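What follows draws every value from the coordinates through simple rules; no lab data is involved. Remember, predicted model here, so these are calculated numbers, not experimental data. With ideal geometry, Cβ positions are generated from the backbone for all residues, glycine too; neighbour counts draw on all protein chains shown.
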Amino acid sequence: MELLYTFILLKQKRAAIAIAMLVPFIAFTTPSKTFLIPSVKIVASTLDLCKGATISFTATATNAGANPSYQWKKNGVIVPNETKDIYSTADLGTGDAIQCLLTADPLFPGLETYNAASNTVIVNVYTNAQPSVSIRATTNNICPGTPVQFSADVTNGGRNPVYVWKINDQPMGFQPDFTSSSLNNNDKVICYVTSDNPCNPFPVASNPIVINAKLLPTINIQPKDTVVPAGTQLQINTLISTDYLSF
């Protein structure tokens, strides 16, 4: 409210005298009006799920009145007959994008606009495929102490599978590759892999590799500690404990 003044000239009938009177009056100003803007945000019950599992999305509206309406979109396409604040589906694949469109209650006053779009939620859907693993060795015909490297090839193992290498059922390594220089003949090497896929969280075993290690020969001479008289002939025999080429 503003208080203003104006001058009014009064003339007397008998004298040409102008009297100035200061007369106040009130002027009202209207403040500028602030409009509200509706908004909507969605959250998912999970971001990682198995193929065929049900997932729910919930929309929360702000400045939308008592009876807003919703329309859900999947990969930019309107989902028919989904007009509630909760959308549930079991028909999603990895990378599918979900969004919600909001229309505010038309009876809600003071809105600058009545439409709003939510954030987009992208889901990761795991397949139900069974993981598998096969292993290979750089060599399998070794002498004792020879280092051998083993490598694992994994299918459907997820993004970060867990590895456990075992020699004769004893854990020895936990990486995709494993090297050992303490292998013995007939040692059995197996790799167990557990996928980070929540749909298949059970370990699977690889093919076994049985080590073929050549044993170092031992030589025994017979007879032992034999005393031979001078000029007497004696036959000495050798016993070799493993395969040999020559001696």
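Numbers for the structure displayed
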| quantity | calculated |
| --- | --- |
| ³J(HN,Hα), Karplus 6.51/-1.76/1.60, whole Hz, each residue of the range 62-74, x for Gly, Pro | 10, 6, 10, x, 7, 10, x, 10, 10, 9, 8, 10, 10 |
| Phi-based couplings in Hz for the range 106-122 (Karplus 6.51, -1.76, 1.60; Gly and Pro marked x) | x, 8, 7, x, x, 9, 6, 9, 10, 10, 8, 10, 7, 5, 10, 10, 10 |
| Under Karplus coefficients 6.51, -1.76 and 1.60, residue-wise ³J(HN,Hα) of the range 34-51 in Hz, glycine/proline x | 9, 9, 8, 10, x, 8, 8, 10, 10, 10, 9, 5, 6, 10, 10, 8, 7, 4 |
| All-pairs Cα distance distribution in the range 132-210, expressed in whole percent, bin size 10 Å | 20, 52, 22, 6, 0 |
| Where only alpha carbons of the range 39-126 are counted, the Rg and the Dmax (Å) | 13.6, 46 |
| Net dipole in debye of the range 132-210 [+1 Lys, Arg Cβ; -1 Asp, Glu Cβ; about Cα centre; nearest 20] | 40 |
| The range 121-203: chymotrypsin sites (Phe, Trp or Tyr not before Pro) in DSSP coil with no more than 12 other Cβ atoms inside 10 Å | Phe174 |
